[in-house]
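Scroll down for the structure; my scribbles are underneath it.
The values are calculated or read from the model by the stated rules, or taken from the named source; none is laboratory data. Remember, predicted model here, so these are calculated numbers, not experimental data. A quick note on method: Cβ atoms are made from the backbone with ideal geometry, for glycine too, and the neighbour counts reach across all protein chains shown. Surface areas here come from the heavy atoms of the whole protein model, side chains and all, with no ligands, DNA or RNA. Shrake-Rupley method; radii C 1.70, N 1.55, O 1.52, S 1.80 Å.
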Number of protein chains: 2
Amino acid sequence: MSIESSSCSWQEGLYDGEVYVSGEQPEIMGLIKLNSNENPFPPAPEVLQAIVEFDARALRFYPKGDGSPLRKTLADIYGFNDSNIFIGNGSDDVLALAFKACFGKNKPILFPDISYSFYPIWAKFFGIDFETVPLDESFRIVPEDYAKENGGVVIANPNAPTSIGEGREFIEEILKNNEDSVVIIDEAYAAFGGFSAGELVHEYDNLLVVRSFSKSRSLAGLRLGYAIGSDLLIKTLISVKDSFNSYPVDSITIAAGMAAIESEDYFRMSIAKIREVREKTAEQLKGLGFKVLPSSTNFIFITHERVEAKVLFNYLRMKNILVRYFDKPRIDNYLRITIGTSDEMETLLEETANFFQS
Amino acid sequence: MSIESSSCSWQEGLYDGEVYVSGEQPEIMGLIKLNSNENPFPPAPEVLQAIVEFDARALRFYPKGDGSPLRKTLADIYGFNDSNIFIGNGSDDVLALAFKACFGKNKPILFPDISYSFYPIWAKFFGIDFETVPLDESFRIVPEDYAKENGGVVIANPNAPTSIGEGREFIEEILKNNEDSVVIIDEAYAAFGGFSAGELVHEYDNLLVVRSFSKSRSLAGLRLGYAIGSDLLIKTLISVKDSFNSYPVDSITIAAGMAAIESEDYFRMSIAKIREVREKTAEQLKGLGFKVLPSSTNFIFITHERVEAKVLFNYLRMKNILVRYFDKPRIDNYLRITIGTSDEMETLLEETANFFQS
């Protein structure tokens, strides 16, 4: 049973692809965890209520494979039919299935060189060719660069880890240049102030918009994401799901998701608070000499001319503050910092100021 | 947005594979649902308690990607290390990832012609060649038939929908004939009286045993399954998970799963009850002239010389009793009937008796 045992031929066929590395989840008392873009606020009171009231005896039954009745709730609230909504086990699951459903039998798919690091991993997992397109000098996506032949396009908007969001005109330019491909817009962070392309699904049959309950709805612990798209795209996504795992979403998660969607006041309030703290934190960091990219998300992406990002990362970690450092070309002198509570961000700022004095 | 719109070239690259068709989940008042092998009893009281006591405020955090601390609970209870346990979003998720992790780069994998109908679909999904091996006349798996070159073997034990379980000698024969392949034993139903190959993982590094919480633990509504295997197999499975979806299991499901594992008395009691009702039902159906295959599961597989299975299926459905009919070669005159409560089975028997009188 040890890995070191002599190699047998059954070992030769094992998968050896690259994997996604997520933010650490250490269990340290008093840790300020600003590394996974989790929401600093708990889920809405309505969600807590829905979980307590859920009839757990009914867990002996399988959930609805299509995520009903949440599917209808989402369709109603965003002005679509059920047939335009796909529900999955977090937006990672939805995106992975969408890669398989929609992307590039022969031509490479396109996505930015700096973006969600799961994109190249999914492409490799499913044997899909891809080509990364460089962001410009200021880490913006250049829409004209996506006006070439491809087997599909995936854009995170706002982009991560840059935090920069683009507007309707930008998305429409991508769409107009890609009538022969499926365009996936990954909106994991759109609720924090970005433009959402949901409404464009009415106009573009080849557009798939993917969203998550993890960040804006404080539900990372219940795996729930969804996609909005044309009947054909959603039908294809369902086929792919039914070729892999028919019931990916827990019944209790469907119930919690419905309550989350219906608790609109709490949602708006918590988003507004995070944006307020974000802007204040950004100003204060600028005061310490940091360059802070304009954020439309619940995190900021920062760099400092006179500071090595990795050194600051290690210093903060020693002070029990966990942020995210990516050891990757172009962004290896940046830190990604999730927006926590006011108090957490105050502590971050104090320790960062101390760092300069040390 | 309509499927009927004229074909654009983006539509040409869409996935068009075969899908798994699960049992219907109709919402009909008073329906006796014996078509999905769900447990007639609710989850253990300890599970209901764990859900009520779960601190839902913590749902703002991601779950542990490896399913901790349930991973350790399972390792402890079955006498393994954490590194021998993989946790997934139902055993379908575990099996799908295991196909990708372990199976056949060049040679076809083997499984019975009559078995879980997801196997060929996963193989096609991942582009894995396969060959089905016929069951014998009495629907038994013939172990010698798996003694040929292959890229992997997957056996459901007990098998579905036949309900027949095989013992240790059988499994060891398969393993001894397949030292160069990974052998997956799918034990979705083993808790209902079959032999479990878990202990053989200590002896065979190429054995992966996959189990589910859906049936025996009454938790189909929370998607939870696991695999037991050598360090290398589990490490590879984790790599595949981390190439697809890093956090597939909800935090609350991990908590519920731990409570389910710890409520051993309830588990034994409900299994014993289901087996008792199963044997009684089988005897009564034999009294009506049915052939009932020897079951080690929570369902029975029956046929009758003078009755068309499909006709009886439709009759029972009209009487609000839903069982499972497979329109497939060799088994198209059989019905698969889940063991429900005593009352439900009494009603089934009454209506079946009425069928003969009508």
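Of the residues in the stretch B:49-86, how many are assigned to a helix (DSSP H, G or I), within 12 Å of chain A (Cβ to nearest Cβ) and under 23 Å from the mean Cα position of the chain (by Cα)?
Selection size over the stretch B:49-86: 1.
Of B:145, B:136, which residue is in a helix (DSSP H, G or I), charged (D, E, K, R) and surrounded by fewer than 21 Cβ atoms within 10 Å (Cβ to Cβ)?
That would be B:145, the only listed residue that is in a helix (DSSP H, G or I), charged (D, E, K, R) and surrounded by fewer than 21 Cβ atoms within 10 Å (Cβ to Cβ).
Inspect all residues belonging to the stretch B:278-296 and state whether any of them is closer than 19 Å to residue B:117 by Cβ and either among the β-branched types (Val, Ile, Thr) or touching a residue at least 12 places away in the same chain (Cβ under 8 Å) (or both). Give the steps one after another, and end with the answer.
Initially, the stretch B:278-296 is screened for residues closer than 19 Å to residue B:117 by Cβ, giving B:293, B:295.
Narrowing the set further to residues that are either among the β-branched types (Val, Ile, Thr) or touching a residue at least 12 places away in the same chain (Cβ under 8 Å) (or both) leaves B:293, B:295.
Yes, some residue in the stretch B:278-296 is closer than 19 Å to residue B:117 by Cβ and either among the β-branched types (Val, Ile, Thr) or touching a residue at least 12 places away in the same chain (Cβ under 8 Å) (or both).
Would you be able to tell me the number of residues in the stretch A:243-263 that are free of Cβ contacts under 8 Å to residues at least 24 places away in the same chain and more than 10 Å from chain B (Cβ to nearest Cβ)?
Qualifying residue count for the region: 0.
Quick grid of which residues meet (1) on the phi < 0 side of the Ramachandran plot; (2) touching a residue at least 60 places away in the same chain (Cβ under 8 Å); (3) in a strand (DSSP E or B); (4) not assigned by TED's automatic domain parsing to the domain that holds residue B:291:
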residue	(1), (2), (3), (4)
B:105	yes, no, no, yes
B:120	yes, yes, no, yes
B:132	yes, no, yes, yes
B:169	yes, no, no, yes
B:174	yes, no, no, yes
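What about residue A:22, is it touching a residue at least 60 places away in the same chain (Cβ under 8 Å), in a loop (DSSP other than H, G, I, E, B) and buried (at least 17 other Cβ atoms within 10 Å of the Cβ)? Don't jump to the end; show me each part of the working.
On the way: touching a residue at least 60 places away in the same chain (Cβ under 8 Å): no; in a loop (DSSP other than H, G, I, E, B): yes; buried (at least 17 other Cβ atoms within 10 Å of the Cβ): yes.
It is false that residue A:22 is touching a residue at least 60 places away in the same chain (Cβ under 8 Å), in a loop (DSSP other than H, G, I, E, B) and buried (at least 17 other Cβ atoms within 10 Å of the Cβ).
Suppose we keep only residues that are aromatic (Phe, Trp, Tyr) and in contact with a Lys or Arg (Cβ under 8 Å, 6 or more places away or on another chain) within the stretch B:287-312. Which one would you say is surrounded by the fewest Cβ atoms within 10 Å (Cβ to Cβ)?
B:301
What are the residue pairs meeting all of these: first residue in the stretch A:26-42, first residue within 10 Å of another protein chain (Cβ to nearest Cβ) and part of a loop (DSSP other than H, G, I, E, B), second residue among the hydrophobic types (A, V, I, L, M, F, W, C) and surrounded by fewer than 23 Cβ atoms within 10 Å (Cβ to Cβ), Cβ atoms under 7 Å, and 6 or more apart or on different chains?
Pairs found: A:38/B:61.
Go through B:188, B:227 for me and flag whichever is closer than 16 Å to residue B:89 by Cα, in contact (Cβ under 8 Å) with a residue 40 or more places away in the chain, more than 11 Å from chain A (Cβ to nearest Cβ) and open to solvent by 10 Å² or more (accessible area, probe 1.4 Å).
One residue alone meets the criteria, B:188.
Criterion first (surrounded by fewer than 19 Cβ atoms within 10 Å (Cβ to Cβ), in contact with a strand residue (DSSP E or B) (Cβ under 8 Å, 6 or more places away or on another chain) and either at the interface with chain A (Cβ under 9 Å from one of its Cβ atoms) or more than 20 Å from residue B:187 (Cβ to Cβ) (or both)) does residue B:108 satisfy it?
Answer is yes for this residue.
Does residue B:116 fit the bill of being of a type in the set (Ser, Thr, Tyr) and either modelled with pLDDT under 95 or open to solvent by 20 Å² or more (accessible area, probe 1.4 Å) (or both)?
The answer is yes for residue B:116.
Can you tell me which residue is farthest from residue A:279 (Cα to Cα) among those in the stretch A:165-179 that are touching a Gly at 6+ places or on another chain (Cβ under 9 Å) and open to solvent by 10 Å² or more (accessible area, probe 1.4 Å)?
Step one: of the stretch A:165-179, the residues touching a Gly at 6+ places or on another chain (Cβ under 9 Å) are A:165-167, A:178.
Imposing the further condition that a residue be open to solvent by 10 Å² or more (accessible area, probe 1.4 Å) reduces the set to A:165-167.
Numbers: A:165: 15, A:166: 18, A:167: 19 Å.
If we take residues in the stretch A:165-179 being touching a Gly at 6+ places or on another chain (Cβ under 9 Å) and open to solvent by 10 Å² or more (accessible area, probe 1.4 Å), then A:167 is farthest from residue A:279 (Cα to Cα).
Let me spell it out: the conditions are (1) modelled with pLDDT under 95; (2) assigned to a loop (DSSP other than H, G, I, E, B), and residue B:10 meets all of them except one. Which number is the exception?
Among (1) modelled with pLDDT under 95; (2) assigned to a loop (DSSP other than H, G, I, E, B), residue B:10 violates only (2).
Condition first: more than 23 Å from residue B:247 (Cβ to Cβ), polar (S, T, N, Q) and within 12 Å of another protein chain (Cβ to nearest Cβ). Can you find one or more residues in the stretch B:122-135 that meet it?
Taking every residue of the stretch B:122-135 in turn, none turns out to be more than 23 Å from residue B:247 (Cβ to Cβ), polar (S, T, N, Q) and within 12 Å of another protein chain (Cβ to nearest Cβ).
Given (1) within 8 Å of chain A (Cβ to nearest Cβ); (2) in contact (Cβ under 8 Å) with a residue 40 or more places away in the chain; (3) open to solvent by 10 Å² or more (accessible area, probe 1.4 Å), identify the lone condition not met by residue B:211.
The failed condition is (1).
Would you be able to say whether some residue in the stretch A:344-351 is part of a loop (DSSP other than H, G, I, E, B) and open to solvent by 70 Å² or more (accessible area, probe 1.4 Å)?
For the stretch A:344-351, residues part of a loop (DSSP other than H, G, I, E, B) and open to solvent by 70 Å² or more (accessible area, probe 1.4 Å): absent.
Go through the stretch A:244-286 and give me each residue that's among the charged types (D, E, K, R) and open to solvent by 60 Å² or more (accessible area, probe 1.4 Å).
Answer for the stretch A:244-286, where residues must be among the charged types (D, E, K, R) and open to solvent by 60 Å² or more (accessible area, probe 1.4 Å): A:262, A:265, A:268, A:273, A:275, A:276, A:279, A:280, A:283, A:286.
Just the residues that are open to solvent by less than 30 Å² (accessible area, probe 1.4 Å) and within 12 Å of chain B (Cβ to nearest Cβ), please, taken from the stretch A:191-203.
A:200, A:201 - these are the residues of the stretch A:191-203 that are open to solvent by less than 30 Å² (accessible area, probe 1.4 Å) and within 12 Å of chain B (Cβ to nearest Cβ).
Output the number of the condition that residue A:96 fails; it satisfies all remaining conditions of (1) more than 9 Å from every other protein chain (Cβ to nearest Cβ); (2) of a type outside the set (Phe, Trp, Tyr); (3) in contact (Cβ under 8 Å) with a residue 24 or more places away in the chain.
(1)
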